[in-house]
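Since every read-out is calculated from the coordinates, none of them should be taken as a lab result. Bear in mind the structure is a predicted one, so any value in this text is a computation, not a measurement. Backbone-built Cβ (ideal geometry, glycine too); neighbour counts: all protein chains shown.
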Amino acid sequence: MSDNDCYVLDGNAAAGLLHEFFVVDVTTAHTRCGGCGATHVLGALRVYAVPMGAVLRCSSCQRILLRAVKTPHGRWLEMSGAQYLRF
Amino acid sequence: MDDPPISRGFKSRQGQTPSKRLPPGQYATADFPVLSAGPTPHLRLDDWSLSLEHGGSLLGTWSWAQFEALPQTTIAADIHCVTKWSKLGTTWQGVTFDDLLRAAGLQQPAAPYVMAHCEGGYTTNLAVADLIGGKGAVVTRYAGSPIEPVHGGPARLFVPHLYFWKSAKWLRRLSFMQANEPGFWESSGYHIRGDPWREERYDGD
Amino acid sequence: MTDGTAGPARRLEWQLAEVRDIVVETPRVKSLLTHVTGWRGHLPGQHVDIRLTAEDGYQAQRSYSIASPPEDELIELTVVQVDNGEVSAYLHGELRRGDRFELRGPIGGYFVWTTSSGGPLQLICAGSGVAPLMAMLRHRDRRAARGPALLLYSSRSLEEVIYREELETMARRDRDLRVVYTLTSKQPEGWTGYRRRIDQAMLAESCFPPEANPRSFVCGPTPFVESASRLLVELGHDPLSIKTERFGPTGG
């Protein structure tokens with residue numbers, strides 16, 4: 001799979017949206033991929049699908065670590081791909 | 001702050017191009033913005049196949065050459081993205097869902113709903129009623145040329161009467177299902193059907 | 001404030017920003033100097049979200065890097081006029097001194113450098129990607145911190161270099177700061193500098209070597225950032241020492 005896309009952003013770009021879920025800045029937190037075990041700082045992950053939401057993927061294996069969507073009816077966050085968040 | 005302050009002189013884009021062709025809340029763009037939930041796959045045509053299945057049973061499968069040999073239809077349509085841009089008068093070419101069913105030897109759809117499965121794991125759900133009668137197709141060409149990978153090539157689903165997230169990129173498999181199971185965006189806050197004319201953007205609309 | 005943390009945990013609220021001054025940087029770039037009531041400070045490299053509301057209730061939201069250092073009172077946002085850009089068209093064409101808009105921030109503790117982060121400081125950018133890096137350089141300048149620093153700035157032409165005079169003044173005053181341009185489309189007569197897109201040879205010649213353990217920050221359009229960070233890694237830099245901020249396809 002190639003990631004030579006113009007449209008992908010850094011995890012840092014999702015920081016504003018994620019602030020609506022977490023009171024602290026989560027982009028400086030560490031996370032461990034539940035698939036391949038690699039650890040990353042959230043801000044260093046690639047984020048997709050902005051502005052529909054934020055899809056953060058493991059830089060090593062592309063597994064989705066975090067998905068966040070904000071709609072007029074509420075906020076939705078799924079992190080089953082990540083083993084933990086360490087602040 | 002209860003009411004956000006008005007930014008003096010700021011006007012929405014929508015006011016600038018009024019058109020009966022635009023569903024509510026949309027604005028027309030000459031660009032073709034890209035939105036993907038993951039990295040762009042670069043599939044070799046030799047490795048590509050499309051399958052139609054139901055409950056684990058394969059109803060039909062086509063290699064690239066076989067798929068290209070199926071009846072081709074050209075479709076002109078306006079497309080509407082849930083992020084509010086619309087692109088009017090686009091032209092695509094591919095195989096209608098009706099022709100795909102015929103090619104698989106199916107007199108009628110195997111179940112009332114379909115889940116589209118794509119390279120990279122993206123999924124979206126559709127009612128068969130939104131695919132038959134020429135409403136849905138698997139397309140391989142845009143504006144006369146092969147669809148670029150970043151826009152979903154070599155083949156994507158095309159269901160222009162619904163928001164464009166339903167026109168799943170990098171399509172590989174269409175699975176019939178009895179119940180309307182939500183796909184990737186539908187299970188994370190977006191509307192289960194996504195009709196732009198009823199502004200069905202989000203779950204709860 | 002220490003590296004990596006932007007103060008105590010608190011909710012990010014929308015605040016009111018008032019435009020105090022507008023600076024024309026280049027034909028397509030303006031800087032807005034804004035006063036934000038109750039601003040609690042920021043770290044160089046962070047950004048803000050701004051939100052505009054039309055009379056009919058329509059809202060548009062965008063992110064902009066903070067180009068001013070934490071030492072300055074006014075928050076500076078540098079805005080590039082993007083073709084068909086709804087928000088940039090408003091900020092460029094309509095916005096006047098005294099106007100207000102909503103702003104929330106500072107956001108993003110990851111892409112941050114302060115004088116206590118250590119160095120050398122290695123900044124690589126294209127176009128408007130210079131904005132967050134300028135906050136870092138201005139902070140370094142205000143603190144009179146003298147560690148080695150490099151700004152490698154890719155621009156289509158010299159006229160399009162943002163903050164050019166200020167960068168040249170900074171570099172003249174500070175022997176530890178090198179500012180290197182590469183002008184990819186148009187060069188002035190007699191130009192002896194780089195005139196091509198960044199490549200391995202250019203980085204090998206200009207950058208700090210991996211043994212110097214630089215803190216690298218790369219910012220600009222996504223393809224540029226991908227290319228620059230890949231080249232740095234190929235030259236032997238530790239990927240963990242490279243922080244990137246992709247601006248998307250247009251970088252605007």
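Give me D for the range B:55-174 in µm² s⁻¹, whole number, from Stokes-Einstein with Rh from the Kirkwood sum over alpha-carbon pairs, 25 °C and 0.890 mPa s.
Numbers: Rh = 14.5 Å.
Here the translational diffusion coefficient equals 170 µm²/s.
Other chains' Cβ within 10 Å of C:81-89 residues: what's the mean?
Mean inter-chain Cβ contacts per residue within 10 Å come to 2.
Which percent, nearest 5, of DSSP beta bridges in the protein assembly as shown are antiparallel?
Values: 85 of 115 bridges.
Of all bridge pairs located within the protein assembly as shown, approximately 75 percent are antiparallel.
Counting only residues 5 or more places away or on other chains, whose amide H sits under 5 Å from the amide H of B:Ile147 once H atoms are built in the peptide plane?
Here B:Arg141, B:Tyr142 satisfy the definition.
For the Cα atoms of chain C, what angle does the longest principal axis make with the long axis of helix C:222-234, in degrees from 0 to 90, nearest 10?
Long axis of C:222-234 versus the principal axis of chain C: about 30 degrees.
What translational diffusion coefficient, to the nearest whole µm²/s, does the range B:104-156 have by Stokes-Einstein, given a Kirkwood radius computed over alpha-carbon pairs, a temperature of 20 °C and 1.002 mPa s viscosity?
On the way: Rh = 12.7 Å.
Stokes-Einstein gives a translational diffusion coefficient of 168 µm²/s.
In the neighborhood of C:Ala54, defined by Cβ-to-Cβ distances under 12 Å, what is the net charge if each Lys or Arg adds +1 and each Asp or Glu adds -1?
Around C:Ala54, the surrounding residues sum to 0.
Convert each backbone phi in the range C:133-139 into a coupling constant with the Karplus relation 6.51 cos²θ - 1.76 cosθ + 1.60 (shift: θ = phi - 60°), then list the ³J(HN,Hα) values in order as whole Hz, x for Gly and Pro.
With the stated coefficients, the range C:133-139 comes to 6, 5, 4, 5, 5, 5, 4 Hz.
So, in nm, how far is label B:Ser49 from label A:Phe87 when the simple model puts each one 7 Å beyond its Cα toward the Cβ?
Each label point lies 7 Å from its Cα, and together they span 4.9 nm.
One-quarter of the Cα convex hull surface for the range B:60-119, in nm²?
Details: hull surface 23.0 nm².
Mean shadow area of the hull around the Cα atoms is 5.7 nm².
Give the shape of chain A as rounded, prolate or oblate, defined through the alpha-carbon gyration tensor: a ≥ b ≥ c are the square roots of its eigenvalues, a/c under 1.5 means rounded, and otherwise the shape is prolate if a/b is larger than b/c and oblate if not.
Oblate shape, in that a/c is at least 1.5 and b/c is the bigger or equal ratio.
Would you compute the Debye intensity of the range B:1-75 from its alpha-carbon atoms alone, equal scatterers and no solvent, and pass along log10 I(q)/I(0) at q = 0.23 Å⁻¹ to two decimals?
Computed log10 I(q)/I(0) values: -1.14.
Relative contact order (percent) for chain C, with alpha-carbon contacts under 8 angstrom and 6 or more residues of separation?
19
Return a whole-number percent for the relative contact order of chain A, with Cα pairs under 8 Å and 6 or more residues apart as the contact set. Mind showing how you got there, number by number?
Details: 166 pairs, mean separation 23.9, N = 87.
It rounds to 27 percent for chain A.
Have a look at B:Thr124, B:Ala69, B:Val82 and report the one farthest towards the positive end of the charge dipole of the range B:1-127, computed about the Cα centre with Cβ charges (Lys/Arg +1, Asp/Glu -1).
Towards the positive end, the residue furthest out is B:Val82.
Classify chain B as rounded, prolate or oblate from the Cα gyration tensor: take a ≥ b ≥ c as the square roots of its eigenvalues, call it rounded if a/c is under 1.5, otherwise prolate when a/b beats b/c and oblate if not.
The shape class here is prolate.
In degrees, nearest 10, range 0 to 90: what is the angle between the Cα axis of helix C:164-173 and the longest Cα principal axis of chain C?
Approximately 50 degrees, to the nearest 10.
Non-local amide H neighbours of B:Glu200 (under 5 Å, H modeled in plane, Pro and chain starts lacking H): which ones?
Sorted by chain and number, the residues that satisfy this are B:Asp195.
Compute the Cα gyration tensor for the protein assembly as shown, then decide on rounded, prolate or oblate, letting a ≥ b ≥ c be the square roots of its eigenvalues: rounded whenever a/c is under 1.5, prolate when a/b is larger than b/c in the other cases, and oblate in all that remain. Don't skip to the end; give the middle numbers.
Details: a/c = 1.89, a/b = 1.64, b/c = 1.15.
It is prolate, given that a/c is not under 1.5 and a/b is the larger ratio.
Given just the C-alpha atoms of chain C, how large is their convex hull per residue in cubic angstrom? Numbers along the way, then the final one.
Working: hull volume 32.3 nm³, N = 252.
Enclosed volume per residue, from the Cα hull, is 128 Å³.
What nm distance separates the two modelled labels at A:Ser59 and C:Asp176, each placed 7 Å from Cα along Cα→Cβ?
Using points 7 Å along Cα→Cβ, the separation is 2.7 nm.
With θ taken as phi - 60° and the coefficients 6.51, -1.76 and 1.60, list the Karplus ³J(HN,Hα) couplings across the range C:97-110 in order, rounded to whole Hz; mark glycine and proline as x.
After applying 6.51 cos²θ - 1.76 cosθ + 1.60, I find 4, x, 5, 10, 8, 7, 8, 9, x, x, 10, x, x, 7 Hz.
Net charge near C:Leu177, counting Lys/Arg +1 and Asp/Glu -1 over other residues with Cβ under 11 Å of its Cβ? Intermediate values should be presented prior to the final figure.
Details: positive: C:Arg140, C:Arg146, C:Arg172, C:Arg173, C:Arg175, C:Arg178; negative: C:Asp141, C:Glu168, C:Asp174, C:Asp176.
Residues near C:Leu177 contribute +2 overall.
Ignoring everything except DSSP H segments at least 4 long, calculate the 222 nm mean residue ellipticity for chain C; use -39,500 (n - 2.57) per segment, divide by total residues, nearest 500.
Working: 5 runs with 51 residues, N = 252.
Dividing the helical sum by the residues of chain C leaves -6000 deg cm²/dmol.
When ranked by the protection proxy of mean other Cβ atoms within 10 Å per residue, highest first, what sequence do the peptides A:50-63, B:32-45, C:217-230 form? Kindly include the intermediate steps, with their values, before the conclusion.
Working: A:50-63: 19.9, B:32-45: 17.1, C:217-230: 22.3.
Answer by packing, highest mean first, reads C:217-230, A:50-63, B:32-45.
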